[in-house]
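Beneath this line is the structure, given in structure tokens, with notes to follow.
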Amino acid sequence: MADLDVAFATLDYDHGERFQTLRRKLGVSSFGINLILLEPRQRGRIHAHERQEEVYLVLSGELTLLVEGVEHVLAPRRVARVPPHVRRQVVNAGDERLVLLALGGSAEHVGRDGRAWASWEEGGPGRPPLEIPLPEDLPG
């Protein structure tokens, strides 16, 4: 089979650094993706981006996200988006480690460009996903 340019990475929660770039490991070129690990009382820089919006996904711990100095507390499984030009700071004000996934992008999103097939045997260019019913669940 030809090289399909598929890449995999493991999130290393025991990494010694606060900031782990996953974009390069995965070969992603259209958006940034980073794992941020903050121990209790640690915080990142106050920063903003010229063009990039960022999404923060809390995997574990509790994120205190300061947006223009206003505090927002996010529990695990909560997500926040901050637009470009808005100053923000990620803070771990809690008592346990914060594990945070940060995604950033600056280009216009291209929506609904997917193609779908009903089976692996089906060939051709595929069809719009909504034209293909969801497959049955795996047996018990």
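The values are calculated or read from the model by the stated rules, or taken from the named source; none is laboratory data. Remember, it's a predicted structure, so these values are computed and weren't measured experimentally. Glycine also receives a Cβ, built like all others from the backbone with ideal geometry; neighbour counts cover every protein chain displayed. Side chains are part of the model used for accessible areas, which takes the heavy atoms of the whole protein and leaves out ligands, DNA and RNA. Shrake-Rupley method; radii C 1.70, N 1.55, O 1.52, S 1.80 Å.
With respect to (1) among the aliphatic types (A, V, I, L, M); (2) farther than 20 Å from Phe31 by Cβ; (3) not in a loop (DSSP other than H, G, I, E, B), the lone exception for Leu138 is condition (3). If Leu65 satisfies all but one of (1) without any contact (Cβ under 8 Å) to a residue 40 or more places away in the chain; (2) part of a loop (DSSP other than H, G, I, E, B), what's the number of the condition it fails? Here Leu65 clears every test but (2).
Give the number of residues within the stretch 1-13 that are within 14 Å of the chain's Cα centre (by Cα) and open to solvent by less than 100 Å² (accessible area, probe 1.4 Å). The number of residues fulfilling the criteria is 2. Restricting attention to the stretch 70-106, the residues that are crowded, with 16+ Cβ neighbours inside 10 Å, under 17 Å from the mean Cα position of the chain (by Cα) and not in a strand (DSSP E or B) add up to 0.
Only residues that are open to solvent by less than 100 Å² (accessible area, probe 1.4 Å) and under 27 Å from the mean Cα position of the chain (by Cα) were counted in the stretch 111-131, giving 5.
Would you call Gly61 open to solvent by less than 40 Å² (accessible area, probe 1.4 Å), over 13 Å from the mean Cα position of the chain (by Cα), on the phi > 0 side of the Ramachandran plot and modelled with pLDDT of 95 or more? Criteria met by Gly61. Every listed requirement among (1) part of a strand (DSSP E or B); (2) touching a Leu at 6+ places or on another chain (Cβ under 6 Å) is met by Glu54 save one, (2).
Checking each residue in the stretch 14-51 for being within 15 Å of the chain's Cα centre (by Cα), part of a loop (DSSP other than H, G, I, E, B) and surrounded by 13 or more Cβ atoms within 10 Å (Cβ to Cβ) picks out Leu22, Val28, Phe31.
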